[in-house]
Amino acid sequence: MSGESAAGLRRDAVGLREVLFQSVTAMAPAAAVAASIPAGAAFAGGSLPLAVLIALVACLFTASCVAELARELPAAGSVATYAAQGLHPAVGFLVGWGYVFVEALVPPLLLLQLGFTAAGTLHDEWASWPADLWWPWALAGAAVIAAAGYLGVQASARFGTVLGVFEIAVFLVFAGWLIIRAGGHNTLSVFGTSHTADGYGGVSGVFAGSVYTVLAFAGFEAAAPLAEETRDPRRTMHRAVLGAALGIGLFYVVTTYAMTVYFGPGRFASFGAAGEASWQGVARASFGLFWVLVFLAVVNSTIANANACANVSTRTAFALARIRVLPRVLATLHPRYRSPVAGIAVQTAVAVGAVLGLGFGYDPVTAFLLLATVIVTVVIGVYIVVNLACAGYFLRRGRPSLKPVRHLLLPLLGIVAFVPALLTAAGLPVFDFVTKLTAPVSYAGPVVGVWMVAGVVVLLVLVRRHPERIAETARVHLEDDAPDVVAAQNGARPR
């Protein structure tokens, strides 16, 4: 016990600011505003600000559940620990198995976006720059993220904080300028249903837009895996998760409103992620060199998001490896920086392999869409399970811990909000606005299925041979550590 604790992650290494931006950058605010949220414009049209506001409220239901569990169970295992305690250790293992997998795929997803965004923009400016020379940018991004992770949570979290502040500042300044330039065209009617796209009138268009917008909120829970490295983790985790979801949600509302009233609600259904009718296109056409800052903010957002999710994947893998449900080597820490160096090495290898393998096997944009579909499908499934775990955990605790609205009603509403998003992400045409997936993006479902079946097989083997390891998924290591060990780990002399 003492030996294991002494080899643990560095305690009290980061505070609220860094942990808050861990979640903020995992949501990739600039990239979401420029690329993800405009997907909802095809349905909500000029009523997209209302759709974003509805998505914010819907996501706060689940963010509240994650925050409640993060306060009660401060653990690097995060969602796996929550599911283990609230439902069953076997469920916790499967949640952790799926979560580690998809969080390890987020860095290559963002590195692909970094690559094709940088290459495409440079080609537009200088035709001599090859439009398909995307891979050097992706590899450079992978090196930066690996270096930040290797230097420990303080370095990577502070790096993410700087990047997060920059991207948010750029888009808020631009949004303010758009609102001023819109002048008399500013209107609250965009928070109604009168500007939806043709064929998606009224509430149906807003609902469709909000479903696509919900996907931009993924990542608000990313602070939770840093619990064991955070000062006052119970209070800090709760504030960071809720603060990120609410703060970035309002950021989405303000920026979407600004572009809608400037561009024109009546023609906003044509707005997208590229071309003249896009954030970068508007900046190019009307604001001179300001488009360069918008471009840099989006590039910055991809690196910051990849950095945050690398922290998530390596910490979750560490938590599962130390209880030996994943290979023990993933729990190896750097003797000085206390960073999970083996996990970082594996994460980097996965990122480079996926970027080059899928990017050259298909093309970077197609590879991006395939990875995005895999990731979003599993992450939304995890959110649904965490909502159930919140209700289960507090029902087990009983009164006075149980608060019916916070611990029963909000989890139910969170599940209801994310089920349509799950069906949409998986391309299941339950609603008329859902586009059925085509190959190779349609391979996402089988990939997820194969991985989860493999997880079930591993679970059965562990239950048969080492049932105590599965039970350990519910353990909150922070509560078990002896004060002397924690003090020694932080450089103090044991009593």
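The values are calculated or read from the model by the stated rules, or taken from the named source; none is laboratory data. What you see is a predicted model; the values in this text were computed from it and never measured. In this analysis, Cβ positions are derived from the backbone assuming ideal geometry, glycine residues included, and neighbour counts consider all displayed protein chains. SASA here: full protein model, heavy atoms, side chains in, ligands and nucleic acids out. Shrake-Rupley method; radii C 1.70, N 1.55, O 1.52, S 1.80 Å.
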Item to check | Evaluation of residue 134 against (1) open to solvent by less than 20 Å² (accessible area, probe 1.4 Å); (2) within 26 Å of residue 241 (Cβ to Cβ); (3) of a type in the set (Phe, Trp, Tyr) (one fails), failing number | outcome: (2)
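Could you tell me whether residue 435 is over 16 Å from residue 88 (Cβ atoms) and open to solvent by 70 Å² or more (accessible area, probe 1.4 Å)? Reasoning before the result, please.
Details: over 16 Å from residue 88 (Cβ atoms): yes; open to solvent by 70 Å² or more (accessible area, probe 1.4 Å): yes.
Answer is yes for this residue.
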Checklist outcome for this item: Scanning region 319-344 residue by residue, those closer than 22 Å to residue 11 by Cα and among the hydrophobic types (A, V, I, L, M, F, W, C) turn out to be 319, 320, 321, 323, 329, 330, 331, 333, 341, 342, 344
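Which residue out of 162, 91 is open to solvent by 20 Å² or more (accessible area, probe 1.4 Å), part of a helix (DSSP H, G or I), of a type outside the set (Lys, Arg) and free of Cβ contacts under 8 Å to residues at least 24 places away in the same chain? Reasoning before the result, please.
Numbers: 91 fails: free of Cβ contacts under 8 Å to residues at least 24 places away in the same chain.
From the options 162, 91, the qualifying one is 162.
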Item to check | The lone exception for residue 377 - which of (1) of a type outside the set (Lys, Arg); (2) in contact with a Pro (Cβ under 8 Å, 6 or more places away or on another chain); (3) in a helix (DSSP H, G or I) it fails | outcome: (2)
Checklist entry - Among the numbered criteria (1) farther than 30 Å from residue 415 by Cα; (2) open to solvent by less than 30 Å² (accessible area, probe 1.4 Å); (3) modelled with pLDDT under 95, which single criterion is violated by residue 219? => result (1)
Checklist outcome for this item: With the first residue restricted to region 165-189 and required to be within 19 Å of residue 278 (Cα to Cα) and touching a residue at least 12 places away in the same chain (Cβ under 8 Å), and the second required to be open to solvent by 10 Å² or more (accessible area, probe 1.4 Å) and of a type in the set (A, V, I, L, M, F, W, C), Cβ contacts under 6 Å at 6 or more apart or on different chains are 170/293; 175/254
Next on the checklist: Condition first: open to solvent by less than 10 Å² (accessible area, probe 1.4 Å), under 28 Å from residue 114 (Cα atoms) and within 15 Å of the chain's Cα centre (by Cα). Can you find one or more residues in region 33-42 that meet it?
Outcome noted: yes
Checklist outcome for this item: The residue from 184, 176, 199 that alone is surrounded by fewer than 15 Cβ atoms within 10 Å (Cβ to Cβ) and part of a loop (DSSP other than H, G, I, E, B) is 199
Item to check | Residue pairs meeting the criteria (Cβ under 9 Å; at least 6 apart or on separate chains; first surrounded by 14 or more Cβ atoms within 10 Å (Cβ to Cβ), in region 271-293; second hydroxyl-bearing (Ser, Thr, Tyr) and in a loop (DSSP other than H, G, I, E, B)) | outcome: 271/278; 272/278
Item to check | Test: residue in region 388-410 that is among the basic types (Lys, Arg) and not in a helix (DSSP H, G or I) | outcome: yes
Next on the checklist: Looking at region 344-367 only, could you name the residues that are of a type outside the set (Gly, Ala, Ser), open to solvent by 60 Å² or more (accessible area, probe 1.4 Å) and assigned to a helix (DSSP H, G or I)?
Outcome noted: 346, 360, 365
Next on the checklist: Can you report the number of residues in region 216-275 which are more than 30 Å from residue 322 (Cα to Cα) and basic (Lys, Arg)?
Outcome noted: 1
